[in-house]
Structures are given as C-alpha cells and as structure tokens.
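**Student:** My questions all concern the structure below.
The values are calculated or read from the model by the stated rules, or taken from the named source; none is laboratory data. Small disclaimer: the values here were computed from a predicted structure and weren't measured. Heads up, the Cβs are rebuilt from the backbone with ideal geometry, glycines too, and the neighbour counts pull from every protein chain shown. The area values use the complete protein model at the heavy-atom level, side chains included, leaving out ligands, DNA and RNA. Shrake-Rupley method; radii C 1.70, N 1.55, O 1.52, S 1.80 Å.
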Amino acid sequence: MYSEAQNCRPSGRIIGKKAPPGQCNQENDSDCCEQGKVYTTYECSPPVSTHTKAYLTLNSFQKGGDGGGPSECDNQYHSDDTPVVALSTGWFNNKSRCLNKITISGNGRSVVAMVVDECDSTMGCDEDHDYQPPCANNIVDASKAVWEALGVPQDQRGGLDITWTDA
C-alpha cells in the first residue's frame, strides 16, 4: 500500500449529475455536482509522514449539516463544537484511523482532532454524498472547532494549506 500511495494517480472519473431540488446542502460553501462535468476519483492519498501536506476544508458533522449522513466510524453525528475530521479515502484507509487522533498544524497553531469520517475520493454526485463531487486525495475535512482552534477568522474559513500527522 505504501508504494502505491507514493505513486497516487487518479483511479477513474465520474460524470456529474445535477442534484434534485433541495438535495445539495451548500452550508460552508460546499460544491454541488454540475450536470455533465467530469470529476476525477482516487483510491489513494499521498504518503503519510510527520508533516503530511494537506488541504483543510470546512464541514458540518451535525445532523442536517452539509456532511450528509452519520459519520462512517461510529454511525453518529458530532457537534460542530467538537474537533473532528474526515480524511480522504486513502488516508482513511478502510477505517484504520477511525476514532484515532491526528495533530493538525496551520496558521501558526496546532490542534488535535478525532477522525470520525471518510471524505470519499472514489465516489460522489449521488444522494449518499449529498450530490457533492468526490473529495480530492489530500483533504482533511474539519469541523468548525478545528478552524477555531487554529485561529482562522470565520470569514477566511473554507480552505487552508496545512500539515497533519497521527497523534
């Protein structure tokens, strides 16, 4: 698996489908799939190191939030005031990091968060994925609490280059 991750190449593509009315929750500036647009999928992520480069995105893990259904790891919803994250498919690694903690560094600060979900890099644009595109292969999708702990002002939340490691 490690050598495969080092050579992480796209695994396929899916064609976007427009969400039925009211089906794509755009809370936290989430993208909705566009009809006919081609989206790249990945089954892998870059290798994990002591300073794994990633892109931090904002997600709600609460019921009714833009994260969709309950979290993959524990089939529960989580408060946006709790530092929790979803990892891209390769890093999620078939639930191997479920309920483990990671340390996220960005904006000159660090925070420890618990992995509760997968940010699916292999599928998207369907009801199970809230009609959102597949995640890129380098995403740490984080609750509001993570962004607050990193000291990022509310109007600047949504995308940030970070590093992370297993805590």
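**Student:** Could you go through the range 136-150 and let me know if any residue there is assigned to a loop (DSSP other than H, G, I, E, B), touching a helix residue (DSSP H, G or I) at 6+ places or on another chain (Cβ under 8 Å) and either under 17 Å from Glu43 (Cβ atoms) or modelled with pLDDT of 95 or more (or both).
**Tutor:** Looking through the range 136-150, at least one residue is assigned to a loop (DSSP other than H, G, I, E, B), touching a helix residue (DSSP H, G or I) at 6+ places or on another chain (Cβ under 8 Å) and either under 17 Å from Glu43 (Cβ atoms) or modelled with pLDDT of 95 or more (or both).
**Student:** Sticking with this one: Tell me, which residue of the range 59-79 that is in contact with a strand residue (DSSP E or B) (Cβ under 7 Å, 6 or more places away or on another chain) and under 22 Å from Ser105 (Cα atoms) is surrounded by the fewest Cβ atoms within 10 Å (Cβ to Cβ)?
**Tutor:** In this case the residue turns out to be His78.
Listed here are the residues, each with its yes/no results for (1) of a type in the set (A, V, I, L, M, F, W, C); (2) closer than 11 Å to Ser143 by Cβ.
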{"site": "Gln62", "(1), (2)": "no, yes"}
{"site": "Pro70", "(1), (2)": "no, no"}
{"site": "Gln76", "(1), (2)": "no, no"}
{"site": "Ala86", "(1), (2)": "yes, yes"}
{"site": "Asn93", "(1), (2)": "no, no"}
{"site": "Cys98", "(1), (2)": "yes, no"}
{"site": "Gly108", "(1), (2)": "no, no"}
{"site": "Val111", "(1), (2)": "yes, yes"}
{"site": "Met114", "(1), (2)": "yes, yes"}
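**Student:** Is one or more of the residues making up the range 105-114 of a type in the set (S, T, N, Q), more than 13 Å from the chain's Cα centre (by Cα) and closer than 19 Å to Glu43 by Cα?
**Tutor:** no
**Student:** Residues in the range 16-34 that are open to solvent by 100 Å² or more (accessible area, probe 1.4 Å), out of contact with any Gly (no Cβ under 6 Å at 6 or more places or on another chain) and either free of Cβ contacts under 8 Å to residues at least 60 places away in the same chain or farther than 17 Å from Gly68 by Cβ (or both): how many?
**Tutor:** Count: 3.
**Student:** Out of the residues in the range 80-138 that are closer than 16 Å to Trp164 by Cβ and of a type in the set (Lys, Arg), which is most open to solvent (accessible area, probe 1.4 Å)?
**Tutor:** The selected residue is Arg109.
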